[in-house]
Every structure is written in structure tokens, then in C-alpha cells.
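All of the numbers you see were taken from the coordinates with simple rules; none came from a lab. Just so we're clear, the structure is a prediction, and the values are computed from it rather than from any experiment. Here the Cβ is made from the backbone with ideal geometry for all residues, glycine too, and neighbour counts use every protein chain on show.
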Amino acid sequence: MWAEVIVRTRRDLPNNLRDALAVHFTARVEVRRAIDATTWHGNYDWEDQVVHSHLSNSLVFLIFSPEVRTLKIHVESAFLKSDIRALRGSVEEIERHITQFLNHNKNGAQQTRVAIYSEDNHFQTGKKLTWLGKLGEATRESLLVKLYIPIATYVASLLMNYEPGRAAFNVLAALVALILWILIDASFIRPSFRYE
């Protein structure tokens, strides 16, 4: 399995893209060595198009720049080649690094898409979610349970002979905890891509 991440930027990429990427991604390997660690093993026809290559224990990636506002990144999990979770984790890691690189160069991603392939067959497509998109998903997920918790808290408080004001306070505390959990989920836990 492998993924292709396509990032379209708001402004032109630096003229010296190879050097800028080499500064940001300090661990650079020989392009042929990185190609040999991918599913394209031994195919060096397009090696001169690679602007950056990386190989580590967890992932391998090759960065291309077919246009002045586009980065195309070939990503594979270096160790668990057939594990989709490991591949998605590698995609998330690369996306974070590319976002940091673009921010450092006073640029940003206008659109980020992921295509996951099994051998040469398209398997899944992923779309980058904004923070508000992740917040919406976190809120909608298990919505009935999220509505049930405050109601159950209120009923349980009344059954335990709490005064209605105290029971309402317990409901308020449950709602605050629920909202905090949704914010934490959207900010730190939920993946950046939605796959279809």
C-alpha cells in the first residue's frame, strides 16, 4: 500500500525548493535508495523529478513539485507495508511536516488530498478537514449518547434526592465536561483526514 498526497499552496513555492526542503527535513537520503524502499523498486526513470527523498524506520517519502504551487508526495510505511493504519499515520505525519514547512515559508495549503493505493489500484480518497470540520464530526459522532448523558445525570441526581437546583448544577457540570471533551477530540485526537 502507498499513498499520494497532493498539496496545492496559496502562493508559489520557493525557487530553491530542494534547498528549502533539505533545511526543513534534515534527514535526506540518496534518491535511488529511497526509491528502492518503495513499491517502485528499481524504477529510476523519473529520479531527477524528485525534489526531496526521505527514508526512516517508520516511513519513506518522495516529494515532487510538478507545478510552482503543487507538491506531490509519495508516502509509504517503511515497516508495515500492508497496514492501512500505519500508512494513514505516515500520511498524517507528512502532512504536519509539510504544513510546518509551508508556514515557515509564509505560505499555506489551499487544498490537501490523499489517494491511497493497494498495489496500483485506487483504494481510498482522503480530504483534509479544517478544525471546524473536525469539531462538527466530533459533535455529530454518537450524538444520542451526548444528549443522553446530561439527561441521565439529571434523573440520577433527582433519584438520589438532590434538590432540583443541585441536579441542574450536575447537568451543567456534565455539559461542560462534554464540551471540553469534544474540543479536545477535535483539536488533538481526531485525524486530519476523512477517508471515503
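Here are the numbers:
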| item | result |
| --- | --- |
| Gaussian network model of the chain, Cα within-10 Å springs - most flexible of 159, 21, 13 | 159 |
| Helical contribution to [θ] at 222 nm, DSSP H n ≥ 4, -39,500 (n - 2.57), averaged over the chain, rounded to 500 | -13500 deg cm²/dmol |
| The range 69-196 - convex hull of alpha carbons, volume per residue in Å³ | 144 Å³ |
| Rough spin-label spacing in nm, given labels placed 7 Å along Cα→Cβ, for residue 120 and residue 145 | 4.3 nm |
| Within the range 132-191: Cβ-based charge dipole about Cα centre, in debye rounded to nearest 20 (Lys, Arg +1; Asp, Glu -1) | 80 debye |
| Cα point-scatterer Debye curve for the range 132-191, base-10 log of I(q)/I(0) at q = 0.19, 0.24, 0.27 Å⁻¹ | -0.68, -0.88, -1.01 |
| Positive-pole candidate from 94, 60, 184, dipole of the range 49-190, charges at beta carbon | 184 |
| Which of 75, 176 has the fewest Cβ neighbours within 10 Å, and the rest in rising order | 176, 75 |
| Zero-based 5 Å bins, Cα pair distances in the range 40-105, whole percents | 4, 15, 24, 26, 18, 10, 3 |
| Charged-residue dipole, Cβ positions (Lys, Arg, Asp, Glu), the chain about Cα centre, Debye nearest 20 | 680 debye |
| Where a label projected 7 Å from the Cα of residue 156 along Cα→Cβ would reach, residues of the range 170-196 with amide N under 17 Å | 170-179, 181 |
| Geometric extent, Cα atoms of the range 2-128 - Rg, Dmax (angstrom) | 13.6, 37 |
| Calculated FRET efficiency for the pair residue 132/residue 97, C-beta based, R₀ 22 Å, to 0.05 | 0.45 |
